[in-house]
Every structure is written in C-alpha cells, then in structure tokens.
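*Asks:* Take this structure, written in structure tokens, and hold onto it; I'll ask about it next.
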Amino acid sequence: MAIILDKTKSLFTLQTDHSMYQMKKDRYGVLLHTYFGKRGSVFDYSYLVTYADRGFSGNPYDAGNERSYSLDALPQEYPAYGSGDYRTSALKVRYPDGSFSCELKFKDFEIQEGKYNLPGLPAIYLSDDGTDGRADTLIITLEDTRRLFYVHLYYGVMENLDLITRAVRIENHSEADIYLENVQSACIDFLHGSFDLHTFYGRHVKERTCQRTPVSHGIQSIGSTRGTSSHQYNPFLILSDRTTTEETGNCFGLSLLYSGDFLGAAEHDQYNQTRVLMGIHPDNFTWRIKPGDSFFAPEAALAWSGNGLGQLSRIYHRAYRDNLCRGIWKTKRRPVLLNSWEGVYFDFNGDKLVEMAQEASKLGVELFVMDDGWFGKRDLDVSGLGDWFVNEEKLGCTLASISERIHALGMKFGIWFEPEGINEDSELYRNHPDWAMQIPGKAPSRSRYQLLLDFSREDVREYILSQICQVLDSTEIEYLKWDLNRSLSDIYSAALPAERQGEAAHRYVLGVYDMLEKLHSRYPGMLIEGCSGGGGRFDAGMLYYTPQIWCSDDTDAIERLSIQYGTSFGYPISTMGSHVSKCPNEQTGRITPIHTRAAVAMSGTFGYELDPHEMTREEKETVKSQIEEFKSYYELIQYGDYYRLTNPATAESWHSWQFASSDGSEALLISVALKIHPNGPGCWCRLKGLKEDSTYLVNGEAYPGDVLMNTGLPLPAATAEYESIRLHITEK
Ligand code: DGJ
C-alpha cells in the first residue's frame, strides 16, 4: 500500500518507489504539510515545525492564548485566504454574505484502490494490465469552519511511476450559492531550503526557454491570462537546490494538466520558508457553486528526483508518454509526415498537393498533411475560418479525390482545422455573430484578423463538431491537426448571466476538452496533433487528447535546439512535433545542412515541411536514407530514456543529447556543432544509461560501458558550423 496511516489516523504518508510525501492533522485540526522528498523512514516529520510567538501573525481563535500557533508560519497543505496566513493562498471563496475569510479544518478521509479520475478534465491513469504497478487514491476532506462547503483534496499515488498527483473538489453543502475566486490545484510548503526556481518562458516562435533564478523573498510567478497555457510561460516549474545539476541533487517538479489560464508561484516568506502553488489563474476566474454542486480543479503532477534534473524529466517523460497520452498512437509507430504549410502556404490546388504527395511518397514519407487553406474562402488568413466546407473551386476537385489519390500512393492523408477560430469574413460569422467571443457594445480586439468562437457554449461546439465530422466522414482521413492561432481576449459568453462571466474562460477550456474527447471516441484510429501557432498550447492537459503537439512555428533547426531542449524538461520526445523545413530557413534565413535539420527533427515526431519539388536530387536521396534511418531508431527515440548532455545556451562547441534503451543495450548520440574553434580544445561526451560491465561498439570500435560513461567518448573537432553527428552505440 502506497498510503500509510499512523494509528492515531492523523498522519498520512504517501510513498512512491523513491519519493515520499506527508501530511498531518494537527491539534487544532489544521492539515499541515510535513514532508516531500526522498523516500525515508515513516516518521512524524512535524518534529521540524517550529512554534514561536510570531509578531503580527495572529493566532486562530481555537488556539486561545497560544501565541506560538500562527497559520502565517505553519506549513499547510491547503492554505485558505483570510484567516491569518498572509502568504499566497490556495483558496479564496466569496461567502453568501460577501466576505472572503475562510478557515479549513480536517473532517475526514477515504482511501481507494486505483487512481481517481476527474470528470471532463485530463488525468493520469494506470493501464489495466498492471504493468505500471500500483496506484492508490487518498481523499482528505476539509471543511470550512462556517460549515458551508467541503474541500476534498485528491492524491493519486503511483508507486512505480514515482509520481503523486493532486486535484481538488470543492463541494457546496450549504443552502446558498458560494463563489470560488481562486482554487489552486496544488500547494507545497517547504519548511527550509535555499531553492532555485526553473521556469520555461518564451514567445511565439521561441517557446520554453529555460530560466533558473534563486527563490528570494517575495513572490515570483509565471502564468497565463491568454485563455491558453501560452507560448509565454509553460504550466510546469521545477524547484531545486541551488547546487542541483542535470545529474545530481534534489529537485521537485510541479506540472499542471491544464490548457488555459494558469498561475505558478513561489513565495519565500518572512521565516525563509518556501511555498509553491499551481492552478488556474485567479485573475479571470470566478465560479458559482450551487447548493449540492461541486467544482473540480484540474490535476497537478508532482515528482521528486534526488539525481538531478535529468532524472526528474525522465519521470515525467515516462508518465506522460505511457500514462497520460491515450489511444492507439501511444504505442503504434507514428507515420513520417509531410506537411504542406511551409512548402506552399495557401497557394495550392488539389493537383499541386497530390504532386507534392507523389514526390514525398517516393522518398518514403507515409502521411501527407494538407494544412490551412482548403476550406471556405481561404486564400489568405483574413477570411474563411469557421466555414468548414471544402472549397472545391479552389482545389479544382473534391476532397475525396485528393484523399483517394494520396491513398493510392500508399500514403495516409491528414487535414488541418482551427475549430475555435472564426473570421468576421465568413458565412458562420455572418449567420451567428453572437457565437464569437466578444462583449456586447465593445469592439473586440482581433488577432491574426480573427476572433474566437465561444467554446464554453455547447450549441456552438456541437455545430462545429458536426461540420468537422461531415468533412472527416466524407473520405478517408487518418490525421487531424487542431490549431489555434490567437490568444483569447474580450472574454464573455452570451450564454452566461453577468454574475457568472468569470466562468467563461474555464468553461472554454472544458469545451475544448469536451470536443476533443468526442473526436477521440468517434475516431479512435485518428492521430490528432495539437498546435497553437506552434507551441502555444503545449501542455500536459492537451497531451491527454493529442499525443503529439507541434512544438514551434520556428522550424530553424538551430533555434529548435533550445526550444526542444526547454520542452524536454517537462515533456517526452514522443510528443514534440518536429519537421525538416527548407533552406534557407523561412523564419531566420539560416542555412543548415539537411543532415542536421534531420538530426533535430528526428528528436521529436519526425516529418518534413517543404515542397519536395524544390529539393535537389542529392537531397532527395538523403531524405530517403534519413527516413529509413529514423525508422530504425524509432523505438529508441520514442520510448528510450532521454538524456540532455549539454545546454545549447552554454555548449562550448558540440551540443549533444542522447537516447538509451531502457535495458541499456543500445544508445543514440546526436551532436550539433554550435561554435567552431580553430585549433580548439578536445571535446568529450560522457554517455548515459549504458551498462557498466558491457562492451559497446561505436563506429566499429569496442569500448567498455563504464569507460564510455565515466571517461567519455571523444568527439571529432568540429570543422563547420551546424554540422552534426549521429552515433549509434550497440552492445557487443
Ligand atoms: C500555425 C501553425 O503552427 C502552422 O503550422 C500552420 O498550421 C498555420 N498556423 C496555418 O495557419
């Protein structure tokens, strides 16, 4: 059993194979957080809590004159706003009398075998065949001291995955409405420690750049109020010891399975304690809970590693690849694709697409994806969104004719949609202007000439779904790219009354999930790739519905090094859409050898995004062998362990990363020359994940495993910028 209760029933210890988490109901019924970190003795870790007279920190009424008991100083499991803990809180509730002050006390608990699920929200699961080991659920119920509602704290303890998930359900058991103003999914209070906070920031075409800063007094936060998780910050953060490296030291991950507005915050308080929280961003959120109803906050996944950041990432990689992504494409080899976008943009007809597919099929490409521009009036991005009917006039043929001709080549066929988008210049907008998110009486702000549909509304979603299904049912289509090309603004739903407009943004996300779930169950064989102008919605929530996400609209291989490096901290390689595009690159003008472009794209879900007619004969031959090579490495890349060997921002010469099979019998080393130093120093790479006492072949030479890992493999002196090497290492 991964959940251990002490005899007094006041101490809850959750254990995974390597980590441990503990809470304690204290003498006043407050649920304290007492431990998170390395798995150790099951012991009452509240011995670390210091009680002292804390000036200006107040004492709860129950504590009488006990001036040394202050919520403001205690490590709490789920701190609520307004009762004397002045730090960032996890919960803020507007009571029927308009007040906000809330105190939570332990009420009850329940233990269930297996992992809980959340209605309408993504959640990590364990497979039924028992291969993922054991999972248990602990639900601790707190009640507010005014006895109006319960806070059910959910814990999923997945022993073998080394992961603990959290979620929260607020249940109104009073006679009146209550309003949630803030409900964070997880909060962790660390009593001591000097931490660094690792976050992943960026912008469109530059997502998930790593930032590591010391946690200092005050509140450091990241978040999104864009309606999506965003290009700008990712709903994943790491707290580490200051000395933690890629391979050594303590670190804690906090990842939110949510695709909308979020907040991630770290506060270092007056007593040098650190609190981290993550959940829905409270700025644009209120939620009415009617008597008897409940609200579920999205799941957060917590992990600890004592072996540095690399190990932490591998915990998330395994769990998200095997226990978050679903459907047949979780285990089936994903097809090598050619996407039309950077090859022809909007400038195509049916014949041109089929000709591209013909060329691509000769190279071994397995899936042809027709991107934006095939529907409505869509020759540019100014019009047509929302009109999901095939523009046969532009294509010069039916969709079925394109699909049939592509299938005749032995390829699969995929298609692009932006279900949430609407142009004012569209049939849909002319017929239903109120379906777009905009505030009556206020001109909406546009972005990429478009608005967004109100996906919080079921009628709107049902209409769009029926339009999409009509297209999908009209011919054989095996792949769907779900794109979104702007952030939300002017958030307002014509279907909600004034006092509930604060629900619209979250309902929008639930609406997106609802429609994805319907697509998922109606088309179980379809591969759905997520996208939001590249990686604007690259989060663990989307991965539950879309096992791969287009990582960035920046297809420059050298830029991609840091984008994919940053993404790898929280997400597996098997989820990162990555393509070889033309040269010079469309975004940067950079010239990069096709060998290197492929090396980078292979470290993701591999594909091409160019017009194959523009390739030279030599390049086509290269592509043929690249595709064969990728297929031979597929298992290793998609399911192997991933190791970051260098950081592209600081790599001296070669930037390297590596895949190793889980049994250590095989590895693939990839290195890209970022800087050239004539007459430069030698360069070595210490390999990972091999067996110390086995012998390996590298380029025909035999090396003992311990030598490759401890001393390293010398890399040749780089002679040209952006050249690359791929080395296959096999056990003899
Ligand atoms: C943004 C996506 O990221 C691109 O790949 C492409 O699909 C365009 N949208 C199409 O409008």
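The values are calculated or read from the model by the stated rules, or taken from the named source; none is laboratory data. Computed from a prediction, not measured in an experiment: that's the story for all the values here. A quick note on method: Cβ atoms are made from the backbone with ideal geometry, for glycine too, and the neighbour counts reach across all protein chains shown. To get the accessible areas, we keep the full protein, side chains included, count just its heavy atoms, and leave off ligands, DNA and RNA. Shrake-Rupley method; radii C 1.70, N 1.55, O 1.52, S 1.80 Å.
*Asks:* Sorted by accessible area (1.4 Å probe), largest first, how do 507, 39, 208, 314 line up?
*Replies:* 39, 507, 314, 208
*Asks:* Could I ask something else about it? Any idea what angle helix 617-639 forms with the longest principal axis of the chain, computed on alpha-carbon atoms, 0 to 90 degrees, nearest 10?
*Replies:* Approximately 30 degrees, to the nearest 10.
*Asks:* Of the peptides 521-530, 582-591, how do they stack up when ordered by the mean number of other Cβ atoms within 10 Å, highest first?
*Replies:* The packing order, highest mean first, is 521-530, 582-591.
*Asks:* Still on this model: Can you pull the one-decimal nm distance between simple spin-label points at residue 379 and residue 635, each 7 Å off the Cα toward Cβ?
*Replies:* Modelled inter-label distance: 5.2 nm.
*Asks:* Projecting each Cα onto the charge dipole of the range 246-402 (Lys/Arg +1, Asp/Glu -1 at the beta carbon, about the Cα centre), which of 266, 286, 324 comes out farthest on the positive side?
*Replies:* Of the listed residues, the answer is 324.
*Asks:* Work out how much length residue 333 to residue 448 would gain on full extension: take 0.36 nm times their residue separation and subtract the Cα-Cα distance, in nm to one decimal.
*Replies:* Full-extension gain reported as 37.9 nm.
*Asks:* To continue, here is another question. Treating each Cα of the chain as an identical point scatterer and ignoring solvent, apply the Debye formula and state log10 I(q)/I(0) at q = 0.05, 0.09, 0.10 Å⁻¹.
*Replies:* -0.26, -0.83, -1.01
*Asks:* Quick one: 3J(HN,Hα) in Hz for the range 559-572, Karplus 6.51/-1.76/1.60 with θ = phi - 60°, rounded, Gly and Pro as x.
*Replies:* 5, 4, 4, 7, 5, 6, 4, x, 5, 5, 5, x, 9, x
*Asks:* Of the GluC sites (Glu not before Pro) in the range 598-703, which ones lie in a loop per DSSP and count no more than 13 other C-beta atoms within 10 Å?
*Replies:* Counting only loop positions with at most 13 other Cβ atoms within 10 Å, the GluC sites (Glu not before Pro) in the range 598-703 are 652, 692.
*Asks:* Further, regarding this structure: Between residue 181 and residue 51, what FRET efficiency comes out of the Förster formula 1/(1 + (r/R0)^6) with R0 = 41 Å and r the beta carbon distance, rounded to 0.05?
*Replies:* For residue 51 and residue 181, the calculated efficiency is 0.85.
*Asks:* Sticking with this one: Could you give the dipole magnitude of the range 668-732 about its Cα centre, charging the beta-carbon of Lys and Arg +1 and that of Asp and Glu -1, in debye to the nearest 20?
*Replies:* Value, rounded to 20: 120 debye.
*Asks:* Return the percentage of antiparallel bridges among DSSP beta bridges fully within the range 523-613, rounded to the nearest 5 %.
*Replies:* 0 percent
*Asks:* Let me ask something additional. Rounded to the nearest 5, what % of the DSSP beta bridges within the range 331-428 are antiparallel ones?
*Replies:* So the antiparallel bridges amount to about 10 percent of the total.
*Asks:* If you line up the Cα atoms of the range 215-322 on their principal axes, what length do they span on each, largest first, in Å?
*Replies:* 49, 41, 30
*Asks:* What relative contact order, as a whole-number percentage, does the chain give when Cα pairs under 8 Å and 6 or more residues apart are counted?
*Replies:* Here the relative contact order equals 10 percent.
*Asks:* Now for a separate question. Pull up all non-local amide H partners of residue 375: gap of 5 or more, or a different chain, and H-to-H distance under 5 Å with H placed in the peptide plane.
*Replies:* When sequence neighbours closer than 5 places are left aside, the close amide H contacts are 391.
*Asks:* Using each residue's phi in the range 266-275, evaluate 6.51 cos²θ - 1.76 cosθ + 1.60 at θ = phi - 60° and report the 3J(HN,Hα) Karplus result to the nearest Hz, with x for Gly and Pro.
*Replies:* Once rounded to whole Hz, the list reads 10, 10, 9, 9, 5, 9, 6, 8, 10, 10.
*Asks:* Also, quick follow-up: Please list the non-local residues whose amide H lies under 5 Å from the amide H of residue 35, H modeled 1.01 Å from N, same-chain partners needing a gap of 5 or more.
*Replies:* Hits under the 5 Å cutoff: 22.
*Asks:* Tell me the relative contact order for the range 415-552 as a rounded percent, counting alpha carbon contacts under 8 Å between residues six or more apart.
*Replies:* Result for the range 415-552 is 26 percent.
*Asks:* Right, here's the next one. Highest first, please rank the peptides 119-125, 596-602, 179-185, 401-407 by the mean number of other Cβ atoms sitting within 10 Å of their residues.
*Replies:* Highest to lowest by the protection proxy: 596-602, 179-185, 401-407, 119-125.
*Asks:* So if I place +1 on the C-beta of Lys and Arg and -1 on the C-beta of Asp and Glu, and nothing else carries charge, what would the dipole magnitude of the chain be about its Cα centre? I want it in debye, nearest 20.
*Replies:* 1080 debye
*Asks:* For a quick check of understanding: with a 1.4 angstrom probe and all protein chains in place, what accessible area in square angstrom does residue 449 have, to the nearest ten?
*Replies:* Here the accessible area works out near 130 Å².
*Asks:* Give the long-range amide H neighbours of residue 182: residues separated by 5 or more places, or on another chain, with amide H under 5 Å away, using H modelled in the peptide plane at 1.01 Å from N.
*Replies:* 92
*Asks:* Would you mind calculating the relative contact order of the range 240-396 from Cα pairs under 8 angstrom and at least 6 residues apart, reporting the percent as a whole number?
*Replies:* Relative CO of the range 240-396 lands at 19 percent.
*Asks:* Could you work out the helix-only [θ] at 222 nm for the chain, with each DSSP H run of four or more residues adding -39,500 (n - 2.57) and the total divided by the number of residues, to the nearest 500 deg cm²/dmol?
*Replies:* -6000 deg cm²/dmol, from helical runs alone.
*Asks:* What list of ³J(HN,Hα) values in whole Hz, one per residue of the range 601-609 in order, does the Karplus curve 6.51 cos²θ - 1.76 cosθ + 1.60 (θ = phi - 60°) give from phi, with Gly and Pro shown as x?
*Replies:* Per residue, the Karplus-derived 3J(HN,Hα) values read 5, 5, 7, x, 8, 6, x, 10, 9 Hz.
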